[in-house]
Amino acid sequence: MRLALPSLIIFAYVYASLILFIPCRFWIKLVTAIVLLSVSQKYLIYQRIGHSFMAPNLPSFWLHLLEISYAVLLILFFLLLIKDILLLALWVSHSAGVDWKFSLSPPMRNLGIFLVGLVLASFGHWQSLQVPKINTVEIQLPGLPREMSGFSLIQLTDIHIGPLFKGNWLENVVARTNLAQPDLITITGDFIDGSPNVLAPDIAPLGKLTAKYGVYGVTGNHEYYFGADRWLPVLKELGITMLHNEHRLIADAIILAGVPDRTEKRYGGTGPDVMKAFSGAPHAPRILLAHQPDEVYSGQGRYLQLSGHTHGGHLFFMKWLISRFNGGLVKGLYHLDDKLLYVSPGTGLWAGFACRLGVPAEITRFILKSPETESESSR
(Lines give C-alpha, C1' and ligand atoms only; values in the text may rest on other atoms or scores of the structure.)
Protein backbone atom coordinates (compact mmCIF):
# COMPACT_ATOMS: atom_id res chain seq x y z
CA MET A 1 0.00 0.00 0.00
CA ARG A 2 1.53 3.31 -1.13
CA LEU A 3 0.54 5.29 1.97
CA ALA A 4 1.88 2.79 4.51
CA LEU A 5 5.55 3.80 4.28
CA PRO A 6 5.00 7.60 4.33
CA SER A 7 2.64 7.15 7.30
CA LEU A 8 5.29 5.08 9.08
CA ILE A 9 7.86 7.84 8.52
CA ILE A 10 5.44 10.43 9.88
CA PHE A 11 4.86 8.26 12.98
CA ALA A 12 8.59 7.83 13.59
CA TYR A 13 9.30 11.55 13.34
CA VAL A 14 6.36 12.59 15.52
CA TYR A 15 7.28 10.05 18.20
CA ALA A 16 10.96 11.01 18.19
CA SER A 17 10.29 14.75 18.30
CA LEU A 18 7.30 14.76 20.65
CA ILE A 19 7.75 11.84 23.06
CA LEU A 20 11.10 10.08 22.90
CA PHE A 21 13.20 12.61 24.81
CA ILE A 22 10.55 13.72 27.29
CA PRO A 23 11.30 12.45 30.84
CA CYS A 24 8.48 10.07 31.76
CA ARG A 25 7.90 6.42 32.63
CA PHE A 26 8.80 3.78 30.06
CA TRP A 27 5.27 2.32 29.95
CA ILE A 28 3.85 5.75 29.04
CA LYS A 29 6.25 5.99 26.11
CA LEU A 30 5.41 2.42 25.08
CA VAL A 31 1.64 2.97 25.16
CA THR A 32 2.02 6.27 23.27
CA ALA A 33 4.16 4.56 20.64
CA ILE A 34 1.56 1.82 20.14
CA VAL A 35 -1.28 4.36 19.82
CA LEU A 36 0.62 6.57 17.37
CA LEU A 37 1.76 3.57 15.33
CA SER A 38 -1.82 2.25 15.15
CA VAL A 39 -3.13 5.64 14.00
CA SER A 40 -0.39 5.92 11.37
CA GLN A 41 -1.53 2.60 9.90
CA LYS A 42 -5.12 3.79 9.54
CA TYR A 43 -5.26 2.70 5.90
CA LEU A 44 -4.15 -0.81 6.83
CA ILE A 45 -6.93 -0.91 9.44
CA TYR A 46 -9.40 0.19 6.77
CA GLN A 47 -8.21 -2.56 4.46
CA ARG A 48 -7.97 -5.41 6.97
CA ILE A 49 -10.78 -4.63 9.44
CA GLY A 50 -13.01 -2.34 7.36
CA HIS A 51 -12.54 -4.62 4.31
CA SER A 52 -11.99 -1.64 1.99
CA PHE A 53 -9.20 0.89 1.64
CA MET A 54 -11.52 3.26 -0.26
CA ALA A 55 -14.79 2.74 1.66
CA PRO A 56 -14.14 1.13 5.05
CA ASN A 57 -17.09 -0.62 6.62
CA LEU A 58 -16.60 0.61 10.17
CA PRO A 59 -18.97 2.03 12.79
CA SER A 60 -19.32 5.78 12.40
CA PHE A 61 -17.68 6.52 15.77
CA TRP A 62 -14.48 4.66 14.90
CA LEU A 63 -14.34 6.14 11.42
CA HIS A 64 -14.54 9.70 12.75
CA LEU A 65 -12.07 8.90 15.55
CA LEU A 66 -9.50 7.47 13.14
CA GLU A 67 -9.90 10.38 10.72
CA ILE A 68 -9.38 12.96 13.46
CA SER A 69 -6.48 11.01 14.97
CA TYR A 70 -4.70 10.66 11.64
CA ALA A 71 -5.19 14.37 10.93
CA VAL A 72 -3.68 15.15 14.36
CA LEU A 73 -0.66 13.00 13.47
CA LEU A 74 -0.17 14.72 10.12
CA ILE A 75 -0.58 18.24 11.51
CA LEU A 76 1.80 17.40 14.37
CA PHE A 77 4.37 16.33 11.81
CA PHE A 78 4.42 19.82 10.28
CA LEU A 79 4.21 21.65 13.62
CA LEU A 80 7.07 19.62 15.08
CA LEU A 81 9.10 20.17 11.94
CA ILE A 82 8.76 23.93 12.47
CA LYS A 83 9.65 23.50 16.16
CA ASP A 84 12.78 21.52 15.36
CA ILE A 85 13.90 24.02 12.72
CA LEU A 86 13.57 26.76 15.35
CA LEU A 87 15.55 24.66 17.84
CA LEU A 88 18.26 24.19 15.22
CA ALA A 89 18.28 27.95 14.62
CA LEU A 90 18.56 28.43 18.41
CA TRP A 91 21.56 26.10 18.58
CA VAL A 92 23.26 27.89 15.67
CA SER A 93 22.63 31.30 17.25
CA HIS A 94 24.10 30.11 20.55
CA SER A 95 27.19 28.97 18.69
CA ALA A 96 27.40 32.48 17.22
CA GLY A 97 27.15 34.05 20.68
CA VAL A 98 23.50 35.16 20.50
CA ASP A 99 21.70 34.48 23.78
CA TRP A 100 18.01 33.67 23.44
CA LYS A 101 15.83 30.73 24.42
CA PHE A 102 12.28 29.34 24.53
CA SER A 103 10.40 30.37 27.65
CA LEU A 104 8.54 27.04 27.96
CA SER A 105 10.10 23.79 29.16
CA PRO A 106 10.25 20.94 26.58
CA PRO A 107 7.33 19.00 28.16
CA MET A 108 5.08 22.09 28.28
CA ARG A 109 6.14 23.12 24.78
CA ASN A 110 5.31 19.71 23.36
CA LEU A 111 2.01 19.60 25.25
CA GLY A 112 1.09 22.95 23.71
CA ILE A 113 1.98 21.70 20.23
CA PHE A 114 -0.12 18.57 20.75
CA LEU A 115 -3.15 20.60 21.88
CA VAL A 116 -2.84 22.91 18.87
CA GLY A 117 -2.70 19.86 16.59
CA LEU A 118 -5.75 18.33 18.26
CA VAL A 119 -7.80 21.53 17.96
CA LEU A 120 -6.83 22.08 14.31
CA ALA A 121 -7.54 18.47 13.35
CA SER A 122 -10.93 18.45 15.11
CA PHE A 123 -11.96 21.71 13.47
CA GLY A 124 -10.68 20.51 10.09
CA HIS A 125 -12.69 17.30 10.35
CA TRP A 126 -15.82 19.22 11.35
CA GLN A 127 -15.33 21.65 8.48
CA SER A 128 -14.94 18.82 5.97
CA LEU A 129 -18.40 17.45 6.83
CA GLN A 130 -20.37 20.67 6.38
CA VAL A 131 -22.78 21.32 3.52
CA PRO A 132 -20.71 23.65 1.31
CA LYS A 133 -21.69 27.18 0.45
CA ILE A 134 -22.03 28.47 -3.10
CA ASN A 135 -18.93 30.13 -4.52
CA THR A 136 -19.76 32.35 -7.49
CA VAL A 137 -17.11 32.72 -10.19
CA GLU A 138 -17.52 35.00 -13.20
CA ILE A 139 -15.75 33.80 -16.33
CA GLN A 140 -15.46 35.56 -19.66
CA LEU A 141 -16.01 32.76 -22.17
CA PRO A 142 -14.52 33.52 -25.61
CA GLY A 143 -17.09 33.34 -28.39
CA LEU A 144 -20.12 33.43 -26.09
CA PRO A 145 -22.93 35.35 -27.83
CA ARG A 146 -24.03 38.60 -26.21
CA GLU A 147 -27.53 37.27 -25.57
CA MET A 148 -26.07 34.32 -23.60
CA SER A 149 -24.11 36.55 -21.23
CA GLY A 150 -25.15 35.74 -17.68
CA PHE A 151 -25.68 32.03 -18.40
CA SER A 152 -25.30 30.21 -15.06
CA LEU A 153 -23.67 26.83 -14.63
CA ILE A 154 -23.16 24.94 -11.39
CA GLN A 155 -20.36 22.44 -10.88
CA LEU A 156 -20.56 19.73 -8.25
CA THR A 157 -17.61 17.40 -7.89
CA ASP A 158 -16.08 14.82 -5.57
CA ILE A 159 -19.33 14.21 -3.71
CA HIS A 160 -18.02 10.85 -2.46
CA ILE A 161 -21.30 9.48 -1.14
CA GLY A 162 -20.26 6.57 1.08
CA PRO A 163 -19.00 6.02 4.62
CA LEU A 164 -19.07 9.71 5.66
CA PHE A 165 -21.47 11.51 3.33
CA LYS A 166 -25.00 10.13 3.32
CA GLY A 167 -28.35 10.91 1.73
CA ASN A 168 -29.35 13.64 4.21
CA TRP A 169 -26.15 15.57 3.47
CA LEU A 170 -26.75 15.20 -0.28
CA GLU A 171 -30.36 16.36 0.12
CA ASN A 172 -29.05 19.64 1.53
CA VAL A 173 -26.48 19.98 -1.27
CA VAL A 174 -29.19 19.44 -3.89
CA ALA A 175 -31.55 21.91 -2.20
CA ARG A 176 -28.85 24.59 -2.08
CA THR A 177 -27.95 23.92 -5.72
CA ASN A 178 -31.56 24.15 -6.92
CA LEU A 179 -32.10 27.35 -4.94
CA ALA A 180 -29.51 29.03 -7.19
CA GLN A 181 -31.72 28.22 -10.23
CA PRO A 182 -28.83 27.34 -12.57
CA ASP A 183 -29.25 27.05 -16.33
CA LEU A 184 -27.03 23.97 -16.34
CA ILE A 185 -25.63 21.56 -13.74
CA THR A 186 -22.43 19.56 -14.18
CA ILE A 187 -20.89 16.87 -11.96
CA THR A 188 -17.22 16.18 -12.61
CA GLY A 189 -16.72 12.74 -11.13
CA ASP A 190 -16.21 10.83 -7.90
CA PHE A 191 -19.90 10.50 -7.14
CA ILE A 192 -19.51 7.55 -4.79
CA ASP A 193 -17.42 5.32 -2.55
CA GLY A 194 -19.28 2.04 -2.49
CA SER A 195 -21.52 -0.28 -4.47
CA PRO A 196 -24.98 0.51 -5.92
CA ASN A 197 -26.77 -2.06 -3.78
CA VAL A 198 -25.53 -0.26 -0.64
CA LEU A 199 -25.56 3.39 -1.72
CA ALA A 200 -28.53 3.62 -4.10
CA PRO A 201 -30.80 5.25 -1.44
CA ASP A 202 -28.08 7.74 -0.46
CA ILE A 203 -27.31 8.80 -4.04
CA ALA A 204 -31.02 9.12 -4.92
CA PRO A 205 -31.28 12.87 -4.04
CA LEU A 206 -29.28 13.63 -7.19
CA GLY A 207 -32.47 12.80 -9.08
CA LYS A 208 -33.99 16.01 -7.67
CA LEU A 209 -31.45 18.29 -9.32
CA THR A 210 -33.19 20.70 -11.69
CA ALA A 211 -31.73 22.97 -14.35
CA LYS A 212 -33.16 24.51 -17.51
CA TYR A 213 -30.74 22.66 -19.78
CA GLY A 214 -30.27 19.50 -17.74
CA VAL A 215 -27.69 17.73 -15.60
CA TYR A 216 -24.48 16.31 -17.13
CA GLY A 217 -21.60 14.38 -15.64
CA VAL A 218 -18.40 12.45 -16.22
CA THR A 219 -16.79 9.62 -14.29
CA GLY A 220 -14.01 10.07 -11.76
CA ASN A 221 -11.45 7.49 -10.71
CA HIS A 222 -13.57 6.28 -7.78
CA GLU A 223 -16.41 5.17 -10.04
CA TYR A 224 -14.11 2.54 -11.52
CA TYR A 225 -13.01 1.25 -8.13
CA PHE A 226 -16.64 0.31 -7.41
CA GLY A 227 -17.80 -0.86 -10.83
CA ALA A 228 -18.59 1.99 -13.23
CA ASP A 229 -20.58 -0.39 -15.42
CA ARG A 230 -22.99 -0.90 -12.49
CA TRP A 231 -23.12 2.78 -11.54
CA LEU A 232 -23.73 4.29 -14.97
CA PRO A 233 -27.30 2.87 -15.28
CA VAL A 234 -28.08 4.19 -11.78
CA LEU A 235 -26.88 7.68 -12.68
CA LYS A 236 -28.86 7.57 -15.93
CA GLU A 237 -32.04 6.70 -14.00
CA LEU A 238 -31.39 9.76 -11.83
CA GLY A 239 -31.54 11.96 -14.92
CA ILE A 240 -27.81 12.56 -15.28
CA THR A 241 -26.45 12.46 -18.84
CA MET A 242 -22.97 10.97 -18.60
CA LEU A 243 -20.60 12.15 -21.32
CA HIS A 244 -18.04 9.61 -22.54
CA ASN A 245 -15.72 11.24 -25.08
CA GLU A 246 -18.71 13.01 -26.56
CA HIS A 247 -20.45 16.37 -26.58
CA ARG A 248 -23.86 18.05 -26.55
CA LEU A 249 -25.03 21.39 -27.90
CA ILE A 250 -26.52 23.42 -25.05
CA ALA A 251 -29.04 26.18 -25.76
CA ASP A 252 -27.91 26.16 -29.40
CA ALA A 253 -24.90 28.19 -28.26
CA ILE A 254 -22.45 26.21 -26.09
CA ILE A 255 -20.63 22.94 -26.73
CA LEU A 256 -20.47 20.83 -23.57
CA ALA A 257 -18.09 17.87 -23.84
CA GLY A 258 -16.98 15.28 -21.35
CA VAL A 259 -14.29 12.62 -21.02
CA PRO A 260 -14.08 9.63 -18.66
CA ASP A 261 -11.35 9.44 -16.05
CA ARG A 262 -8.06 7.91 -17.19
CA THR A 263 -8.55 5.12 -14.62
CA GLU A 264 -10.98 3.58 -17.12
CA LYS A 265 -7.98 2.28 -19.08
CA ARG A 266 -6.99 0.07 -16.14
CA TYR A 267 -10.43 -1.54 -16.29
CA GLY A 268 -10.46 -2.27 -20.03
CA GLY A 269 -11.98 0.99 -21.28
CA THR A 270 -10.74 3.48 -23.84
CA GLY A 271 -9.97 6.28 -21.41
CA PRO A 272 -10.21 10.02 -22.09
CA ASP A 273 -9.95 11.40 -25.62
CA VAL A 274 -10.48 15.15 -25.74
CA MET A 275 -10.20 15.36 -29.53
CA LYS A 276 -12.88 12.69 -29.93
CA ALA A 277 -15.10 14.44 -27.40
CA PHE A 278 -15.13 17.62 -29.50
CA SER A 279 -15.11 15.83 -32.87
CA GLY A 280 -17.86 17.08 -35.19
CA ALA A 281 -18.86 19.91 -32.89
CA PRO A 282 -19.95 23.13 -34.60
CA HIS A 283 -18.07 26.39 -34.13
CA ALA A 284 -19.18 27.62 -30.70
CA PRO A 285 -17.69 28.31 -27.25
CA ARG A 286 -16.59 25.06 -25.63
CA ILE A 287 -16.65 23.65 -22.12
CA LEU A 288 -14.97 20.36 -21.19
CA LEU A 289 -15.77 18.24 -18.15
CA ALA A 290 -12.76 16.19 -16.98
CA HIS A 291 -12.30 14.84 -13.48
CA GLN A 292 -8.52 15.29 -13.24
CA PRO A 293 -7.24 18.80 -13.94
CA ASP A 294 -4.04 17.85 -15.76
CA GLU A 295 -6.22 16.44 -18.55
CA VAL A 296 -6.08 20.03 -19.80
CA TYR A 297 -2.59 19.34 -21.14
CA SER A 298 -3.88 16.61 -23.49
CA GLY A 299 -6.39 18.77 -25.36
CA GLN A 300 -5.95 21.26 -28.18
CA GLY A 301 -7.83 24.41 -29.04
CA ARG A 302 -9.65 26.97 -26.92
CA TYR A 303 -12.08 25.86 -24.21
CA LEU A 304 -12.97 26.10 -20.55
CA GLN A 305 -12.26 22.94 -18.55
CA LEU A 306 -14.00 22.14 -15.26
CA SER A 307 -12.28 19.63 -12.98
CA GLY A 308 -12.00 18.42 -9.38
CA HIS A 309 -10.02 15.48 -7.96
CA THR A 310 -7.48 17.43 -5.88
CA HIS A 311 -9.84 18.47 -3.05
CA GLY A 312 -7.91 21.74 -3.13
CA GLY A 313 -5.02 20.09 -1.29
CA HIS A 314 -7.08 19.43 1.87
CA LEU A 315 -4.81 21.52 4.11
CA PHE A 316 -3.57 24.93 2.98
CA PHE A 317 0.04 24.03 3.76
CA MET A 318 -0.14 20.85 1.64
CA LYS A 319 -0.99 22.63 -1.60
CA TRP A 320 2.61 22.38 -2.84
CA LEU A 321 2.65 18.61 -2.28
CA ILE A 322 -0.69 17.91 -3.99
CA SER A 323 0.33 20.09 -6.94
CA ARG A 324 3.30 17.79 -7.63
CA PHE A 325 0.90 14.96 -8.44
CA ASN A 326 -1.52 17.04 -10.52
CA GLY A 327 0.61 18.89 -13.02
CA GLY A 328 0.92 21.92 -10.74
CA LEU A 329 -2.87 22.36 -10.67
CA VAL A 330 -4.68 22.31 -7.32
CA LYS A 331 -7.43 24.89 -6.85
CA GLY A 332 -9.01 27.88 -8.54
CA LEU A 333 -8.92 29.47 -11.99
CA TYR A 334 -5.92 28.95 -14.26
CA HIS A 335 -5.12 30.66 -17.56
CA LEU A 336 -3.14 28.19 -19.67
CA ASP A 337 -2.29 29.60 -23.10
CA ASP A 338 -5.62 29.61 -24.95
CA LYS A 339 -7.44 27.51 -22.33
CA LEU A 340 -9.19 28.30 -19.07
CA LEU A 341 -9.24 25.73 -16.27
CA TYR A 342 -11.19 25.82 -13.04
CA VAL A 343 -10.23 23.28 -10.39
CA SER A 344 -12.87 22.96 -7.69
CA PRO A 345 -11.77 22.04 -4.16
CA GLY A 346 -14.68 19.61 -4.17
CA THR A 347 -18.22 19.47 -2.84
CA GLY A 348 -17.53 16.51 -0.57
CA LEU A 349 -14.42 14.57 0.39
CA TRP A 350 -13.00 11.07 0.30
CA ALA A 351 -13.46 9.30 3.64
CA GLY A 352 -9.78 8.31 3.61
CA PHE A 353 -8.67 11.80 4.55
CA ALA A 354 -11.56 13.83 5.93
CA CYS A 355 -9.94 17.06 7.02
CA ARG A 356 -9.98 20.58 5.56
CA LEU A 357 -8.03 23.56 6.83
CA GLY A 358 -8.23 26.80 4.89
CA VAL A 359 -9.67 24.92 1.90
CA PRO A 360 -13.46 24.85 2.33
CA ALA A 361 -15.62 22.76 0.04
CA GLU A 362 -17.85 24.56 -2.43
CA ILE A 363 -20.76 24.38 -4.80
CA THR A 364 -19.28 26.34 -7.68
CA ARG A 365 -21.62 28.67 -9.57
CA PHE A 366 -20.22 30.04 -12.81
CA ILE A 367 -21.65 33.12 -14.45
CA LEU A 368 -20.52 33.07 -18.06
CA LYS A 369 -19.90 36.46 -19.60
CA SER A 370 -19.73 37.42 -23.25
CA PRO A 371 -16.56 39.30 -24.28
CA GLU A 372 -18.80 41.64 -26.30
CA THR A 373 -20.78 42.62 -23.21
CA GLU A 374 -17.62 43.12 -21.18
CA SER A 375 -16.04 45.36 -23.84
CA GLU A 376 -19.19 47.50 -23.99
CA SER A 377 -19.35 47.91 -20.20
CA SER A 378 -15.70 49.08 -20.13
CA ARG A 379 -16.34 51.95 -22.53
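The values are calculated or read from the model by the stated rules, or taken from the named source; none is laboratory data. Keep in mind that this is a model prediction, so the values were computed, not measured. Cβ placement follows ideal geometry from the backbone for every residue including glycine, while neighbour counts extend to all protein chains displayed. Ligands, DNA and RNA are excluded from the accessible area calculation, which covers all protein heavy atoms including side chains. Shrake-Rupley method; radii C 1.70, N 1.55, O 1.52, S 1.80 Å.
Details
- If the condition is being in contact with a helix residue (DSSP H, G or I) (Cβ under 6 Å, 6 or more places away or on another chain), assigned to a helix (DSSP H, G or I) and within 21 Å of residue 356 (Cβ to Cβ), then the range 26-66 contributes 39, 40, 42, 66.
- Whenever a residue of the range 18-33 is among the aromatic types (Phe, Trp, Tyr), its partners that are not in a loop (DSSP other than H, G, I, E, B), lying with C-beta atoms within less than 9 angstrom and at least six residues away or across chains, give the pairs 21/106.
- Looking only at residues of the range 228-252 that are open to solvent by 70 Å² or more (accessible area, probe 1.4 Å) and not aliphatic (A, V, I, L, M), we find that the one that is farthest from residue 285 (Cα to Cα) is 230.
- Qualifying residues in the range 2-19 (those that are open to solvent by 70 Å² or more (accessible area, probe 1.4 Å) and of a type in the set (A, V, I, L, M)) - the one farthest from residue 108 (Cα to Cα): 5
- Residue match in the range 69-91 (condition: among the basic types (Lys, Arg) and in contact with a helix residue (DSSP H, G or I) (Cβ under 7 Å, 6 or more places away or on another chain)): yes
- Test: residue in the range 253-271 that is in a loop (DSSP other than H, G, I, E, B), open to solvent by 70 Å² or more (accessible area, probe 1.4 Å), in contact (Cβ under 8 Å) with a residue 24 or more places away in the chain and among the polar types (S, T, N, Q): yes
- Candidate set from the range 42-51 (those that are in contact (Cβ under 8 Å) with a residue 24 or more places away in the chain and open to solvent by less than 40 Å² (accessible area, probe 1.4 Å)); member that is farthest from residue 22 (Cα to Cα): 46
- Among the residues of the range 98-112, not a single one is in contact with a Gly (Cβ under 9 Å, 6 or more places away or on another chain) and surrounded by 14 or more Cβ atoms within 10 Å (Cβ to Cβ).
- Condition check for residue 276: more than 30 Å from residue 147 (Cα to Cα), open to solvent by 60 Å² or more (accessible area, probe 1.4 Å), at pLDDT 95 or above and not aromatic (Phe, Trp, Tyr): no
- Residue match in the range 220-241 (condition: under 20 Å from residue 365 (Cβ atoms) and touching a residue at least 60 places away in the same chain (Cβ under 8 Å)): no
- Hey, residue 353 touching a residue at least 60 places away in the same chain (Cβ under 8 Å) and aromatic (Phe, Trp, Tyr) or not: yes
- Test result for residue 121, at pLDDT below 95 and either open to solvent by less than 70 Å² (accessible area, probe 1.4 Å) or under 22 Å from the mean Cα position of the chain (by Cα) (or both): no
- Taking the numbered list (1) open to solvent by 20 Å² or more (accessible area, probe 1.4 Å); (2) modelled with pLDDT of 90 or more in turn, residue 54 passes all entries but (2).
- Against the numbered list (1) closer than 26 Å to residue 351 by Cβ; (2) open to solvent by 40 Å² or more (accessible area, probe 1.4 Å), residue 39 comes up short only at (2).
- Looking across the range 318-375, the residues that are assigned to a strand (DSSP E or B), under 29 Å from residue 117 (Cβ atoms) and either of a type in the set (Phe, Trp, Tyr) or in contact with a Phe, Trp or Tyr (Cβ under 8 Å, 6 or more places away or on another chain) (or both) come down to 332, 343, 357.
- Test: residue in the range 151-171 that is within 23 Å of residue 66 (Cβ to Cβ) and open to solvent by 40 Å² or more (accessible area, probe 1.4 Å): yes
- Output for the range 286-302, where each listed residue is open to solvent by less than 60 Å² (accessible area, probe 1.4 Å), modelled with pLDDT under 95 and either part of a helix (DSSP H, G or I) or not small (Gly, Ala, Ser) (or both): 294, 295, 296
- Residue satisfying condition, being within 18 Å of residue 312 (Cβ to Cβ) and surrounded by 16 or more Cβ atoms within 10 Å (Cβ to Cβ), within set 183, 202, 190: 190
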